[in-house]
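Here's the structure, in structure tokens; my notes come after.
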């Protein structure tokens, strides 16, 4: 799925990276624990998290994920979004919870990493 | 003995959650600028980031030194802090003594030390309760394809 298809499916706001929505996603890593993301991401995944502080983007950058999706209606502050912009990481946000998001993406054929 | 090509040291301030991770970002930029293989950089930066977060969360202060040779990236992290009473327990995935504040940062779920070990080719940890902890991690270049 492209990021744009994910945006539509999950009714996301695009916070960073409007020009990068054509990027193709096949794998997903989802956690509020940053060490878990670092442990399981192999790079190029969509990262789903409810953690909206600067460490979420730092983790995304270090893990090498393709994009970050914030769940449960959380939106990070400007400093975090500026940092994502600087690192070239697209950022989306949705009101849906992590469980629903993962279920919907799984049904569309996306896979988790472990 | 592999020739040392570069050595950089960084000071880490304990409890400074706002700056936590900045050193690891600097190290990523430093290593990326040298044209090393992406897998080795990624592993090194994961080790550096977990180590930096551990120092910030638990210690008073610490230093992180990156030593690059033509064979490997070595990371040395030495802190002044409480030390670890039971290393075997601390190395178990899921074991954590983190506070709520640390968990709110997205850390302290008991994956830090196991993650560091997993991403290192050689991993050594030495600790003294009441004094501090040292971690020595070696990531061999091009060892992982």
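The values are calculated or read from the model by the stated rules, or taken from the named source; none is laboratory data. From a predicted model like this one, the values you see are computed outputs, not experimental measurements. Here Cβ is always computed from backbone atoms with ideal geometry, including for glycine, and neighbour counts include all displayed protein chains.
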Open item on the list: Can you list the helices (runs of 4 or more DSSP H) lying wholly within segment A:1-99 that have 2 or more residues being under 19 Å from residue A:113 (Cβ atoms) and touching a helix residue (DSSP H, G or I) at 6+ places or on another chain (Cβ under 9 Å)?
Closed with: A:3-9, A:34-40, A:54-63
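Listed here are the residues, each with its yes/no results for (1) at pLDDT 95 or above; (2) within 14 Å of another protein chain (Cβ to nearest Cβ).
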| position | (1), (2) |
| --- | --- |
| B:43 | yes, yes |
| B:47 | yes, yes |
| B:59 | yes, no |
| B:87 | yes, no |
| B:93 | no, yes |
| B:102 | no, yes |
Task: Which listed residue, of B:103, B:78, is over 15 Å from the mean Cα position of the chain (by Cα) and closer than 19 Å to residue B:16 by Cα - done: B:103
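Would you check if residue B:63 is out of contact with any helix residue (DSSP H, G or I) (no Cβ under 7 Å at 6 or more places or on another chain), under 30 Å from residue B:36 (Cα atoms) and crowded, with 20+ Cβ neighbours inside 10 Å?
For residue B:63, the condition - out of contact with any helix residue (DSSP H, G or I) (no Cβ under 7 Å at 6 or more places or on another chain), under 30 Å from residue B:36 (Cα atoms) and crowded, with 20+ Cβ neighbours inside 10 Å - is not met.
For (1) buried (at least 17 other Cβ atoms within 10 Å of the Cβ); (2) within 21 Å of residue B:114 (Cβ to Cβ); (3) free of Cβ contacts under 8 Å to residues at least 60 places away in the same chain; (4) in contact with a strand residue (DSSP E or B) (Cβ under 7 Å, 6 or more places away or on another chain), each residue gets a yes or a no:
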| residue | (1), (2), (3), (4) |
| --- | --- |
| B:6 | no, no, no, yes |
| B:11 | no, no, yes, yes |
| B:21 | yes, yes, yes, no |
| B:32 | no, no, yes, no |
| B:40 | yes, yes, no, yes |
| B:44 | yes, yes, no, yes |
| B:49 | yes, yes, yes, no |
| B:52 | yes, yes, yes, yes |
| B:55 | yes, yes, yes, yes |
Open item on the list: For segment A:62-78, which positions are within 19 Å of residue B:29 (Cβ to Cβ) and surrounded by fewer than 22 Cβ atoms within 10 Å (Cβ to Cβ)?
Closed with: A:64
TODO: Report whether or not residue B:23 is at pLDDT 95 or above, assigned to a helix (DSSP H, G or I) and farther than 13 Å from residue B:139 by Cβ.
DONE: yes
Open item on the list: Condition (residue is away from chain B (no Cβ under 14 Å), in contact (Cβ under 8 Å) with a residue 60 or more places away in the chain, under 27 Å from residue B:119 (Cα atoms) and touching a strand residue (DSSP E or B) at 6+ places or on another chain (Cβ under 7 Å)) applied to segment A:32-53: is it met by at least one residue?
Closed with: yes
